[in-house]
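See structure below.
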Amino acid sequence: MGARQFGAVLAVVVCLTAAVGGPGVTAAASQTATPDVTADTIILDVQVHENGTATWAVAYRTRLDDGETAAAFESLRDDVENNSTEYTDQFTDRMASTIASAERATGRNMTGENYTVDAEIRQFPQRYGVVTYSFQWHRFADTAGDRLRIGDAIGGLPLDDKTRLLISWPQSYEATAIRPPPDEERNGTAVWIGELTFGRDEPRIVVAPPATGPQVPWRAVGAAVGALGVLGAAVAGGWWLYRREEVGDPNDDMPEELLSNEERVLRLLERRGGRVKQKAIVEELGWTEAKTSQVVGSLREQGKIESFRLGRENVLALPQEEL
């Protein structure tokens, strides 16, 4: 089976479980009319370890923005807790087929184990129901030589507009090649946002092992420089506040040079009515796309912004207040 074919097999597994109530509907559950819950977002989170094993978490997020959806998810959550084996058994069977296909295509002996399922309600900051399947995929990455080569096990994978793929590598490693260019790259993680179909030899990530020999303590140097920068900003900020109070300046806006990168993005969003294309941030702030993606990713992780696709554009928005 070719790379594109077994990438499609994984996509089928994801799609089949997108109605997250489906995999675990037992006879007993069916009799109690446990409803299916359709995911709004699917996150494929792949954490690759130094030995080539990958810890996978496939999360199906459903926004609980009305009473009917919330009640349906609560019923599903109870069903997952009471019949977790039914859910994991069906997911395990589907992933076993994917792993076997990847094994034939790559020539590496692969296994999957430690399959689990969990259902819970989280805040992102909106209220979401999340069903997460987790497992270990052994020999997912190629460890031949002195580098990790990641991605050949899922070559040709298509992502629909609901799906995101996150691939992370060990923090001490450095990426030397990533293709295609990710939508975001931050803290040892590459992120691709669908709708997207990878080429036959994509995605591909090559990471180098930690360097050997005497090392300059750059982390300590960076911390010292950062501390000096914070001190300088504090002094400048105090002077500005003093001047504003002295002259009675009614303008509450902090000077641009005293804002952090995250604050500059949030200010731009507020001035644009709470929604703006990511490309507009690149143009207005004069940043590179890589820097913009890093700042946007940090804000998203903190729950301060949301993002969605509009055609081929990435649109950022301030979170809506919960009702």
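The values are calculated or read from the model by the stated rules, or taken from the named source; none is laboratory data. The shown structure was predicted, so the numbers you read here are calculated from the model rather than taken from an experiment. Every residue, glycine among them, receives a Cβ derived from its backbone with ideal geometry; neighbour counts consider all protein chains shown.
Screening GLY145 with (1) in contact with a strand residue (DSSP E or B) (Cβ under 7 Å, 6 or more places away or on another chain); (2) surrounded by fewer than 18 Cβ atoms within 10 Å (Cβ to Cβ) gives one miss only, at (1). In the set (1) touching a helix residue (DSSP H, G or I) at 6+ places or on another chain (Cβ under 8 Å); (2) surrounded by 15 or more Cβ atoms within 10 Å (Cβ to Cβ); (3) under 22 Å from PRO180 (Cβ atoms), the condition left unmet by GLU313 is number (2). ASN114 meets the conditions (1) under 24 Å from ARG139 (Cα atoms); (2) in contact with a helix residue (DSSP H, G or I) (Cβ under 9 Å, 6 or more places away or on another chain); (3) surrounded by fewer than 17 Cβ atoms within 10 Å (Cβ to Cβ); (4) at pLDDT 90 or above in every case but one. The failed one is (2). If you take the residues in the stretch 127-142 that are surrounded by fewer than 24 Cβ atoms within 10 Å (Cβ to Cβ) and over 20 Å from ASN114 (Cβ atoms), which one is nearest to the chain's Cα centre (by Cα)? Within the stretch 127-142, the match that is nearest to the chain's Cα centre (by Cα) is TYR128.
Look at the stretch 59-77: where a residue is closer than 23 Å to ARG164 by Cα and a partner is assigned to a helix (DSSP H, G or I) and among the β-branched types (Val, Ile, Thr), sitting 6+ places away or on another chain with Cβ atoms under 7 Å, you get THR62/THR69. Being modelled with pLDDT under 90 and among the basic types (Lys, Arg) holds for only one residue in ARG186, ARG149, and it is ARG186. Go through the stretch 290-308 and give me each residue that's outside any helix (DSSP H, G or I) and surrounded by 15 or more Cβ atoms within 10 Å (Cβ to Cβ). Those that are outside any helix (DSSP H, G or I) and surrounded by 15 or more Cβ atoms within 10 Å (Cβ to Cβ): LYS304, ILE305, GLU306, SER307. Candidates in the stretch 151-188 are the residues that are among the polar types (S, T, N, Q) and not in a loop (DSSP other than H, G, I, E, B); of these, the one that is surrounded by the fewest Cβ atoms within 10 Å (Cβ to Cβ) is THR176.
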